[in-house]
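Engineer: Structure incoming, see below.
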Amino acid sequence: MIEFQQVHKTYRVAGKDIPALHPTSLRVEDGQVFGLIGHSGAGKSTLLRLINRLEAPSGGKIIVDGEDVTAFDANHLRRFRQQVGMIFQHFNLLASKTVADNVALPLILAGELSRKAIDQRVNELLARVGLSEHAKKYPAQLSGGQKQRVGIARALSTQPKILLCDEATSALDPQTTASVLQLLAEINRELKLTIVLITHEMDVIRRVCDQVAVMDAGHIVEQGTVAEVFLHPKHPTTKRFVQEDEQVDENEQRDDFAHVPGRIVRLTFQGDATYAPLLGTVARETGVDYSILAGRIDRIKDTPYGQLTLAITGGDMEAAFTCFKAADVHMEVLR
Amino acid sequence: MDLSYFANVDWAEIWLATVDTMIMLGGSLFFTVLLGLPLGVLLFLCGPRQLFEQKGVYALLSLVVNILRSLPFIILLIVMIPITVLITGTSLGVAGAIPPLVVGATPFFARLVETALREVDRGIIEATQSMGATTRQIITNALLPEARPGIFAAITVTAITLVSYTAMAGVVGAGGLGDLAIRFGYQRFQTDVMIVTVVLLLILVQVLQSVGDKLVVHFSRK
């Protein structure tokens with residue numbers, strides 16, 4: 001478990017104190033995929049680097065598995081870092097070393113295994129990330145997605161309990177992003193690894209995370225399960241991220257709504273409710289008519305969800321609302 | 001080839017001078033790299049926003065390096081005489097030339113090493129830190145391998161600079177091709193000797209540059 005207790009970080013730039021992270025408390029349970037989303041400069045990168053103390057906190061305590069990371073001496077910190085893997089936006093592979101040697105590096109630095117044991121471990125890791133046939137190549141000969149796979153294999157080499165991902169997919173195209181995220185989800189599931197990732201894309205959060213914290217100007221402004229935060233965003237920053245992901249333009253939407261009569265509601269279905277034939281049933285029973293203004297059916301990690309914006313006219317509107325509320329859906333009246 | 005055009009050229013002498021140049025070059029390059037590499041690493045580490053940022057140490061090292069670099073080599077050769085005697089027992093000949101050559105080239109080489117290390121992506125240092133590496137491990141396992149192409153380029157440039165420095169070593173009677181060119185080609189107007197030595201020096205520089213370039217390409221892995 002990773003726990004932040006009133007942790008804050010201030011940089012001193014040109015004689016001025018610039019707060020990067022205001023006092024923040026946070027808990028990441030074991031085996032979770034925890035996402036931090038925010039725009040650049042929101043403090044998410046600082047927060048991530050505080051976990052393995054690439055950044056030293058200005059105050060507060062960071063407890064990992066019962067130990068206070070902020071109190072570690074240099075030696076202890078090194079041993080701790082060997083138990084925390086990290087992958088980077090720009091991969092940070094050594095251009096002078098082969099793929100196999102890059103993956104072996106953390107093991108060589110730790111100096112605990114024989115060369116033979118290291119080679120064997122490297123082969124296993126490369127097989128896991130699907131790069132066995134590229135072992136002898138240099139990073140420059142690989143595609144971006146392959147480079148990040150090498151980064152992941154390298155981060156896993158010391159069998160860490162925690163994996164930190166610093167914008168791991170931001171330099172990749174959408175297809176490669178999907179496959180790298182799939183690999184991360186797989187690792188999380190099979191190795192029971194706790195993953196903390198930072199991103200500026202809601203899509204990344206939606207695909208792999210269990211919990212999400214939204215950051216803005218050095219504060220965590222909203223936090224909860226991904227479904228909760230994604231489907232019912234409260235803070236303006238969160239709403240913006242969700243709209244970006246759904247490619248909704250608020251002004252366009254307002255224009256669209258102006259043209260339709262009746263009431264406008266947004267229904268959110270989750271899990272099995274997504275597949276229930278609710279709209280037809282309610283329309284028949286209450287005599288209302290509906291037209292779909294916007295809709296989306298997708299998945300949050302493994303759970304399907306649907307979100308429909310409807311215009312409702314005629315019939316017994318109040319009865320329809322009651323039916324929606326009684327069913328296993330979340331209803332929001334927009335107008 | 002009709003050698004009568006080169007009536008003044010004593011080929012045995014040319015051969016001896018070539019050997020002297022090679023010994024001076026090899027010896028001084030060896031010690032320059034031996035001393036300059038750690039000095040370059042130290043400069044890099046103490047530099048602004050680096051692992052061991054030490055403003056005072058960096059300023060002092062920088063000052064010494066700059067003073068030595070701004071001193072004309074011919075002056076250094078003379079100023080160094082007492083120290084050279086202390087180290088090699090003589091201030092004359094090839095042995096007398098190597099200490100000033102090393103002192104002249106080391107600061108230059110150290111600066112080039114510092115620059116090559118600065119070219120290494122900071123992300124590489126961060127990644128290695130995140131693996132729990134010690135500073136020593138970061139230097140030997142990440143920084144130096146990553147900077148290898150730049151360091152080979154620095155060795156090449158330094159070797160070529162040393163070739164031109166050896167030409168002045170005649171002042172302390174070190175011999176070599178440059179000395180031959182000055183004593184016979186310039187002072188006795190033996191143009192043929194001048195041409196032969198210059199051509200040989202040119203070939204030497206060309207060979208050094210192309211070998212250096214090949215090493216840089218080989219280690220670039222790009």
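Where a number appears in this text, it was derived from the coordinates with a stated rule and is not lab data. Computed from a predicted structure; not experimentally measured. Here the Cβ is made from the backbone with ideal geometry for all residues, glycine too, and neighbour counts use every protein chain on show.
Engineer: Straight-line reach from A:Lys137: which lysines have Cα under 23 Å away, leaving out those fewer than 8 places along the same chain?
Structural biologist: A:Lys97, A:Lys116, A:Lys147, B:Lys214, B:Lys222
Engineer: With the crude spin-label approximation of a point 7 Å out along Cα→Cβ, what separation in nm comes out for B:Phe189 versus A:Asp65?
Structural biologist: So the label points at B:Phe189 and A:Asp65 sit 8.7 nm apart.
Engineer: Please work out the FRET efficiency for the pair A:Ala276 and B:Glu126, using the Cβ-Cβ distance as r and a Förster radius of 56 Å; give the result to the nearest 0.05. Write out the running numbers ahead of the final one.
Structural biologist: On the way: r = 50 Å, r/R0 = 0.89.
About 0.65, to the nearest 0.05.
Engineer: Could you give me the ³J(HN,Hα) list for segment B:134-142, computed from phi with Karplus coefficients 6.51, -1.76, 1.60 and θ = phi - 60°, whole Hz, x at Gly and Pro?
Structural biologist: 7, 4, 4, 5, 4, 5, 6, 8, 10
Engineer: Does the protein assembly as shown come out rounded, prolate or oblate by the C-alpha gyration tensor, with a ≥ b ≥ c the root eigenvalues, rounded set by a/c under 1.5 and, if not, prolate when a/b is larger than b/c and oblate if not?
Structural biologist: On the way: a/c = 3.19, a/b = 2.82, b/c = 1.13.
Since a/c reaches 1.5 and a/b is larger than b/c, the shape of the protein assembly as shown is classed as prolate.
Engineer: If amide H atoms are built 1.01 Å from N in the plane of the peptide, which residues on other chains or at least 5 residues away come under 5 Å of the amide H of A:Gln270?
Structural biologist: Sorted by chain and number, the residues that satisfy this are A:Gly306.
Engineer: How large is the Kirkwood hydrodynamic radius of segment B:1-77, counting all unique pairs of alpha carbons, in Å?
Structural biologist: Value: 16.2 Å, from the Cα pair sum.
Engineer: Here's another thing I want to ask about it. Kindly state, to the nearest 0.05, the FRET efficiency for B:Leu71 paired with A:Tyr11, given R0 = 45 Å and r defined as their beta-carbon distance. Please list the in-between numbers first.
Structural biologist: Numbers: r = 41 Å, r/R0 = 0.92.
The calculated FRET efficiency here is 0.60.
Engineer: Could you give the radius of gyration (one decimal) and Dmax (whole number) of the Cα atoms in segment A:129-197, in Å?
Structural biologist: 11.8, 32
Engineer: How crowded by other chains is A:86-93, given as the mean number of beta carbons from other chains within 10 Å of each beta carbon? Don't skip to the end; give the middle numbers.
Structural biologist: Details: counts 5, 2, 5, 1, 4, 2, 10, 4.
Averaged over the peptide's residues, the number is 4.
Engineer: Taking the alpha carbon gyration tensor of segment A:2-244, what are the square roots of 5 times its eigenvalues, largest first, to the nearest whole Å?
Structural biologist: Values: eigenvalues 176, 97, 52 Å².
Rounded to whole Å, the semi-axes are 30, 22, 16.
Engineer: Next up: Give the lysines whose C-alpha is closer than 28 Å to that of A:Lys325, dropping any in the same chain fewer than 8 places away, or say none.
Structural biologist: Partners found: A:Lys234, A:Lys239, A:Lys301.
Engineer: Also: Kirkwood Rh over alpha-carbon pairs of segment A:1-104, then Stokes-Einstein at 25 °C and 0.890 mPa s: what D in µm² s⁻¹, rounded to an integer?
Structural biologist: Details: Rh = 15.4 Å.
The diffusion coefficient I find is 160 µm²/s.
Engineer: I would also like to ask the following. Express in nm, to one decimal, how much length is gained between A:Glu186 and A:Glu250 on full extension, taking 0.36 nm for each residue of separation and deducting their alpha carbon distance.
Structural biologist: Values: separation 64, 0.36 × 64 = 23.04 nm, distance 3.59 nm.
In short, 19.5 nm is gained.
Engineer: So, one more: Going by amide H atoms built from the backbone, whose H comes under 5 Å of the H on A:Thr10, apart from near neighbours?
Structural biologist: A:Ala20, A:Ser58
Engineer: Let me ask another. Within 10 Å of each residue's Cβ, count the other Cβ atoms and sort A:Ile118, B:Ile203 from fewest upward. Mind dumping the intermediate values first?
Structural biologist: Details: A:Ile118 20, B:Ile203 10.
Going from least to most buried by this count: B:Ile203, A:Ile118.
Engineer: Dipole of chain A (Lys/Arg Cβ +1, Asp/Glu Cβ -1, origin at the Cα centre): which of A:Gly144, A:Leu156, A:Ala276 lies farthest to the positive side?
Structural biologist: Selected residue: A:Leu156.
Engineer: Whole angstrom only: what separates the Cα centroid of segment B:123-162 from the Cα centroid of segment A:205-233?
Structural biologist: Using only Cα atoms to place each centre, the spacing works out to 41 Å.
Engineer: Let me ask something additional. Antiparallel DSSP bridges in chain A: what percent, to the nearest 5?
Structural biologist: Working: 46 of 66 bridges.
So the antiparallel bridges in chain A amount to around 70 percent.
Engineer: Please compute the contact order of segment A:197-328 in relative form: average sequence separation of alpha-carbon pairs under 8 Å and at least six residues apart, divided by the residue count, as a percent. Display every interim value, and only then the final one.
Structural biologist: Details: 172 pairs, mean separation 30.2, N = 132.
Averaging sequence separation for qualifying contacts and normalising by length gives 23 percent for segment A:197-328.
Engineer: Hey, how many Å between the Cα centroid of segment A:248-317 and the Cα centroid of segment A:140-180?
Structural biologist: Using only Cα atoms, the two centres lie 38 Å from each other.
Engineer: Hey, can you grab everything whose amide H is under 5 Å from the amide H of A:Met86? Only 5+ residues off in sequence or another chain; H modelled, so Pro and N-termini drop out.
Structural biologist: Placed amide hydrogens put A:Leu164 under 5 Å from A:Met86.
Engineer: Kyte-Doolittle cut-off 0.5, length cut-off 30 Å along the helix's own axis using Cα: show which whole DSSP H helices in chain B pass.
Structural biologist: Numbers: long enough: B:11-46 (50 Å, 1.75); B:93-118 (38 Å, 1.05); B:144-166 (31 Å, 1.00); B:191-220 (43 Å, 1.66).
Within chain B the helices that satisfy the rule are B:11-46, B:93-118, B:144-166, B:191-220.
Engineer: Within a 10 angstrom radius of the beta carbon, how do B:Thr197, A:Thr158 rank from fewest other beta carbons to most? Walk me through the numbers on the way to the answer.
Structural biologist: Details: B:Thr197 25, A:Thr158 20.
If I rank by nearby Cβ atoms, fewest first, I get A:Thr158, B:Thr197.
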